[in-house]
Amino acid sequence: MGDASKNGFLRAGELARLSGVSTDTLRHYERKGVLPKPGRSRNRYRQYPPEAAKRVLMIQRALAIGFTLDELAGILNVRDNGGSPCGRVLEIAAAKLAALEQRIVETIALRDELSSILDDWDAKLSSTQPGGRAALLESLTGRNLSKARDPQFQKSGKPRQKHRRS
């Protein structure tokens, strides 16, 4: 073990192994402001405090449920400066849940729509001569698509978000 481990600190490689991320990820987290810049040893190696492993795990879990690094940077900045960002955390998570619920509704509608299209196409193919064209894709132009899927009705591509508090 190096002198970083002897004095209780973790080198970047050690923290990366413990956390299951790369050293590049650690440096990226530092640049984004979610992981405080570590001190340096005499030989200029990064020295992370032991609690950095818990912080990286928390970041990974927050990313997994949909938080962005920018959102986490703002939250963690407030927390690291003695504030209590809990209300903001709840608000962001609620917005993510609402957006996810909306995507689920849209996905179910798309599934139902695609199922109906496939039924129509099966009927078209069964009445088309073998090797003949059934104009399946062309039939989509005469079909009313759900507004969620019709490019004429799509806006910025961002999910609609509504805030929900329980």
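The values are calculated or read from the model by the stated rules, or taken from the named source; none is laboratory data. Just so we're clear, the structure is a prediction, and the values are computed from it rather than from any experiment. Heads up, the Cβs are rebuilt from the backbone with ideal geometry, glycines too, and the neighbour counts pull from every protein chain shown.
Just to check your reading of the model, which residue among Val89, Val21 is β-branched (Val, Ile, Thr), part of a helix (DSSP H, G or I) and not assigned by TED's automatic domain parsing to the domain that holds Asn144?
So the residue among Val89, Val21 that is β-branched (Val, Ile, Thr), part of a helix (DSSP H, G or I) and not assigned by TED's automatic domain parsing to the domain that holds Asn144 is Val89.
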Exercise for review: Scan the stretch 63-85 residue by residue and report those that are farther than 19 Å from Asp24 by Cα, hydrophobic (A, V, I, L, M, F, W, C) and within 20 Å of the chain's Cα centre (by Cα).
Suggested key: Ile65, Phe67, Ile75, Leu76
Study note, to complete from the structure: Gln47 vs (1) farther than 16 Å from Gly13 by Cα; (2) of a type in the set (S, T, N, Q); (3) touching a residue at least 24 places away in the same chain (Cβ under 8 Å): all pass except (1)
Revision key, fill the gap. Pairs returned, first residue in the stretch 115-132 that is of a type in the set (Phe, Trp, Tyr), second residue that is surrounded by 11 or more Cβ atoms within 10 Å (Cβ to Cβ), beta-carbon separation under 8 angstrom, 6 or more apart or interchain, are Trp121/Ala134; Trp121/Leu136; Trp121/Ser139
**Study point:** Matching entry among Lys54, Lys6, Lys37 (being surrounded by fewer than 15 Cβ atoms within 10 Å (Cβ to Cβ), under 27 Å from Phe67 (Cα atoms) and at pLDDT below 95)
**Key:** Lys37
